[in-house]
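The structure under discussion appears below in the form of structure tokens.
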Amino acid sequence: MEAAIERYRILSIVVGVMLLLLVFVAVPFRYIGGNPTPSAFISPTHGFLYMVYLVAAFDLHRRAKWPLKQFLIMVSAGLLPFLAFYVERRIVREARTLAGS
């Protein structure tokens with residue numbers, strides 16, 4: 001289960017960083033600066049990585065045998081800026097506690 005935890009942890013951080021780049025760099029460049037180039041790269045990259053993140057989150061959810069509510073919390077982490085980092089810490093702590101027992 002440690003491999004699933006590590007995959008989830010890494011993807012959560014990467015998706016969180018990409019979302020921050022999207023919201024605080026690409027969108028202002030596009031709509032304030034009139035330059036769609038960063039958005040054209042960051043948006044699809046975040047979308048693809050979010051789909052990979054969903055697979056990793058589901059894998060960890062399945063292995064930990066958590067309720068659906070826990071999975072929905074994990075899924076929401078990639079949708080709101082900064083939430084990914086908070087949820088990642090909480091989920092990884094709970095998963096490692098579960099794996100250790």
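The values are calculated or read from the model by the stated rules, or taken from the named source; none is laboratory data. Only a predicted model underlies this, so the values are computations on that prediction, with no experimental measurement involved. Virtual Cβ from ideal backbone geometry, glycine too; neighbours counted across all protein chains shown. In case anyone asks, the SASA skips ligands and DNA or RNA and just uses the protein heavy atoms, side chains included. Shrake-Rupley method; radii C 1.70, N 1.55, O 1.52, S 1.80 Å.
Do we find that residue 88 is acidic (Asp, Glu) and open to solvent by less than 30 Å² (accessible area, probe 1.4 Å) in this structure?
It is true that residue 88 is acidic (Asp, Glu) and open to solvent by less than 30 Å² (accessible area, probe 1.4 Å).
Only residues that are crowded, with 16+ Cβ neighbours inside 10 Å and under 11 Å from residue 18 (Cα atoms): list them for the stretch 46-82, please.
46, 49, 50, 78
If we keep just the residues of the stretch 3-49 that are in contact with an Asp or Glu (Cβ under 7 Å, 6 or more places away or on another chain) and among the hydrophobic types (A, V, I, L, M, F, W, C), which is nearest to residue 85 (Cα to Cα)?
So, considering only residues that are in contact with an Asp or Glu (Cβ under 7 Å, 6 or more places away or on another chain) and among the hydrophobic types (A, V, I, L, M, F, W, C), the one nearest to residue 85 (Cα to Cα) is 13.
Pairs under 6 Å by beta carbon, first residue modelled with pLDDT under 95 and aliphatic (A, V, I, L, M) in the stretch 41-56, partner open to solvent by 50 Å² or more (accessible area, probe 1.4 Å) and not in a helix (DSSP H, G or I), six or more apart or different chains?
From residues that are modelled with pLDDT under 95 and aliphatic (A, V, I, L, M), there are no pairs.
Condition (residue is open to solvent by less than 40 Å² (accessible area, probe 1.4 Å) and among the β-branched types (Val, Ile, Thr)) applied to the stretch 25-41: is it met by at least one residue?
no
Kindly list, by first and then second residue, each pair from a residue in the stretch 82-98 that is under 14 Å from residue 10 (Cβ atoms) and of a type in the set (Ser, Thr, Tyr) to a residue that is open to solvent by 70 Å² or more (accessible area, probe 1.4 Å) and at pLDDT below 90, limited to pairs with Cβ atoms under 9 Å and residues at least 6 apart or on different chains.
none
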